[in-house]
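Asker: I'd like to ask you about the structure that follows.
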Amino acid sequence: MKFKYDPEKCDLPFDVNENRPTKCLKCLEVCPNSLLMFIPMKDKREDGAPERYKISMIFKAYGKKYCPDCLKCVDICPSQAIKIKI
Ligand code: SF4
Ligand code: SF4
């Protein structure tokens, strides 16, 4: 199984106060084993919010071990930003 994420497609407004995207993160919410995480990138905007972020699988080897390939994250993503190659 290979987890692939396209940050170009997952382009959501950033909430400075919450330090997370304003909307979505549905992939994180739907994962039954909480294997996905949101990672702010180092580059910052003028207001201090991260310029970009990415969705990643927690500790890849661990994630792969416990991901049953349910594809819930793929199915719920409104932007087709996640692909799982089985
Ligand atoms: S569900 Fe898709 S668009 Fe929403 S945060 Fe996850 S990867 Fe991004
Ligand atoms: S396929 Fe299922 S278990 Fe695996 S990362 Fe996506 S939602 Fe989580």
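The values are calculated or read from the model by the stated rules, or taken from the named source; none is laboratory data. Values in this document were obtained by computation on a predicted structure and should not be read as measured data. Note that we place each Cβ from the backbone using ideal geometry, even for glycine, and neighbour counts take in every protein chain shown.
Asker: Taking interchain pairs and intrachain pairs at least six residues apart, which have beta carbon atoms under 6 angstrom, with the first residue in region 58-84 and closer than 16 Å to Ser34 by Cβ and the second of a type in the set (Lys, Arg)?
Answerer: Ile76/Lys26
Asker: Additional query: Name the residues in region 46-86 that are within 17 Å of Glu8 (Cα to Cα) and either in contact with a Pro (Cβ under 6 Å, 6 or more places away or on another chain) or modelled with pLDDT under 85 (or both), would you?
Answerer: Answer for region 46-86, where residues must be within 17 Å of Glu8 (Cα to Cα) and either in contact with a Pro (Cβ under 6 Å, 6 or more places away or on another chain) or modelled with pLDDT under 85 (or both): Pro50, Glu51, Arg52, Tyr53, Lys54.
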